[in-house]
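*Asks:* One structure follows; several queries about it will come next.
The values are calculated or read from the model by the stated rules, or taken from the named source; none is laboratory data. Since we're looking at a predicted model, the values are computed, not measured. Neighbour counts run over all protein chains shown; Cβ positions are idealised from the backbone, glycine included.
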Amino acid sequence: MQAEEKKSSGEMTPQTESSSKDKSASKDPAKAFKKKALGTAAAVTTGAAVLVNGLFGSPDEIMKAADEVNKPAVVQMIDDSAVDPDEDDEEDEEEEENAPTTLWGKMRAWIWSWPLALRILICVPLWALGWGVCQAGHAVWSLFLSPALSALSGVLLLFAVLAGILGLAGRAAFPELPLREVFKKSRLIALGIGSLLLEGFIALLPALDETLEPYAPLIRFGGGALILGGLMISLWITKERRKRYVLQAAQ
């Protein structure tokens, strides 16, 4: 009886596992669809907000313009005998000139044709969201254009270039050393400090002597070569130590 119970329990467990897998598989597409729908809705809302913010300079412009557009037309009775046909043609030309011809103007006029309540409920929140997105983008752009960040980007670029050259040269000169030994933590720290000092010295060249500023690329090349030379020497020392350790272990 115990064996039969074990068999039955053993037969039931795969079925329950398969059923749970099927349920999870059936739920995954729904979750993926919800995530895609939320992402699409967020992207469309952000795009519409930026567009509304670009069309109108302020929420007051949206509401005031709506009031002006929705004003009732003033009807004037004019005697046809006293109207010059040339003047009618001139007025028609002025109306055509005042009509919006660009895409932005047509979109503004289309939005102005909405009721004011609909404007306040839809356009004002979108304008506020678009203003926040534009301000955030402007802040990030100004941060990237700041002198401090440009200097830091120069240090990071020099570090990346020197690290790439070190990896290629280290593997070519010492193939017996693993890549993790080439990019050892102490070597990466030394490479970062060297890159920072070199870029800092190049940034101070105009203050030291203005005639040295044109030689900045040459100084950068020479300094980078010295840094790489020191790191290659450290790799050679590491290789010699490993060789001695292997010889001592063999004896």
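*Asks:* Scanning region 235-251 for residues that are touching a residue at least 24 places away in the same chain (Cβ under 8 Å) and not aromatic (F, W, Y), which turns out surrounded by the fewest Cβ atoms within 10 Å (Cβ to Cβ)?
*Replies:* R242
*Asks:* What are the pairs with Cβ atoms under 7 angstrom where one residue, in region 165-189, is farther than 17 Å from I233 by Cβ and of a type in the set (S, T, N, Q) and the other, located anywhere, is modelled with pLDDT under 90 and surrounded by 10 or more Cβ atoms within 10 Å (Cβ to Cβ)? Sequence gap at least six, or different chains.
*Replies:* Matching pairs, first to second residue: none at all.
*Asks:* Within the bounds of region 188-199, is there any residue that is touching a Lys or Arg at 6+ places or on another chain (Cβ under 9 Å), at pLDDT 90 or above and in a helix (DSSP H, G or I)?
*Replies:* Checked region 188-199: at least one residue is touching a Lys or Arg at 6+ places or on another chain (Cβ under 9 Å), at pLDDT 90 or above and in a helix (DSSP H, G or I).
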